[in-house]
């Protein structure tokens, strides 16, 4: 028995304990509860959601009703092979067993999500996938959080918010539970009679982990989800576990600033009658109308395409000075810029060029392409127009002389009126470092020893699996969460109750 347990800690006993209330944790909790277990889920934030709620919302899967409706004959094995193409030079580092688990179970996961009330539109294409496989959630990724949280509560899951896990409690190589701090910073010992699932997300918001696996410069770049601080990875490392592919960090990348307030499109409730009507409309309305509707959702989460800069569109900082790549990366350069901010500067000719195919300002893979006019219509908060450079600089609160010099030093002559899109910020979107797990998602320590009753899911349990391309991170989150939850429900741990504490 672990003799270092805090003797002043309040004890909460349950059958299955889930750490993390994002997509993978909620999926694990629902499945464990449906297996007949008493389930407690702890989440350090004041609400559920995790990175799932920040995502674009796509899931890539085969043999779905959406594919069948369009006459698409697909196969999980082909999905498996196409993921290898997406991996590219990283392929030798992939976990093939977990890739197999994903592609052969994600179809059922999509159906499971639909049974909870989540609706999708698709499938969309994304090369090198040989067939359209991307399914996009309606209306936004908030639908996942809303429906899964409701399903968890209905299944009897006891959700403890503002509760941060701090340490894994072991009895030899068997998990007993988790030490945590509650909303009032009081110690709590959560014990599990059957299993524990770690689903605390990635470490994109951790300065320590980004320094360890990336660099000091990368560590200073904020995360899209700042509360993803690798708590579960840290706890596993403390008991002898290992993080695989820790250096695979998506960032810094550029994203347009989010809108100052949610528009009507982002406030649409994810109620089944509404989302089913949306799905019907998207399948049956003319493509021009469909595209207009989709853009109202997508321009809140996109970034600029690299082709813009090769085509002469300027990127300037808060001081009006042209931003040059650092180590070949404009994302790194924006991260180092004043206020970590940048603006795209178009002259009238370029604005017109990027208002029609094939020249897109942003790309939403498998869905649509966002052009200059889309931002004018759907994100006026990002758009500034002036007759000359001096007037534009004044509107953007930049030194006019500096912006004029940046325009004059470009390779092509510029003529007003001028347009700006921004601000643009630099972020770390996600990290792919997950703890080593067995094919059953059981956490492994000291190289080869599975910890009895301890499982990991989502980014925490990524275990070396490569999830390149779109629609795979969410597919893995829900699929691995469901699998880990079922295994945890079937496991047996060492019972550590208040009567057995040292």
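Sorted ascending by nearby beta carbons within 10 Å, beginning with the fewest, 418, 372 become 372, 418. Based on Cα contacts under 8 Å between residues 6+ apart, the chain shows a relative contact order of 25 percent.
With 10 angstrom as the radius, rank 146, 271 by how many other C-beta atoms surround their C-beta, starting from the fewest.
Fewest to most other Cβ atoms nearby, the residues stand as 271, 146.
All C-alpha to C-alpha distances of segment 1-64, sorted into 10 Å bins beginning at zero, yield P(r) values of 18, 34, 32, 12, 5, 0 percent in whole numbers. Each part gets one Cα centre, and for segment 1-38 versus segment 187-227 those centres are 18 Å apart. Dimensions of the chain along the principal axes, based on C-alpha atoms and rounded to the nearest Å, stand at 79, 50, 42, largest first.
What whole number of Å gives the distance from the Cα centroid of segment 321-351 to the Cα centroid of segment 84-133? One Cα centre to the other: 33 Å.
Based on the alpha-carbon gyration tensor of segment 122-162 and its eigenvalue square roots a ≥ b ≥ c, which shape applies: rounded if a/c is under 1.5, prolate if not and a/b is larger than b/c, or oblate? It would help to have the intermediate numbers written out before the result.
On the way: a/c = 3.44, a/b = 3.31, b/c = 1.04.
In terms of gyration-tensor shape, prolate.
Note on the chain: helix-only mean residue ellipticity at 222 nm, from DSSP H runs of 4+ residues weighted -39500 (n - 2.57) and normalised by residue number, equals -9500 deg cm²/dmol.
Rounded, prolate or oblate, given the Cα gyration tensor of segment 321-376, with a/c below 1.5 counting as rounded?
Prolate, because a/c is 1.5 or more and a/b exceeds b/c.
The simple spin-label model puts a point 7 Å past each Cα toward its Cβ; for residue 391 and residue 339 those points are separated by 2.2 nm. Under the shape rule built on the C-alpha gyration tensor, where the axes satisfy a ≥ b ≥ c, segment 72-174 is oblate, since a/c reaches at least 1.5 while a/b does not exceed b/c. Shown here are the Rg and Dmax of the Cα trace of segment 379-502, at 27.1, 80 Å.
Here, each number is a calculation from the coordinates, and none is a lab measurement. Bear in mind the structure is a predicted one, so any value in this text is a computation, not a measurement. Glycine also receives a Cβ, built like all others from the backbone with ideal geometry; neighbour counts cover every protein chain displayed.
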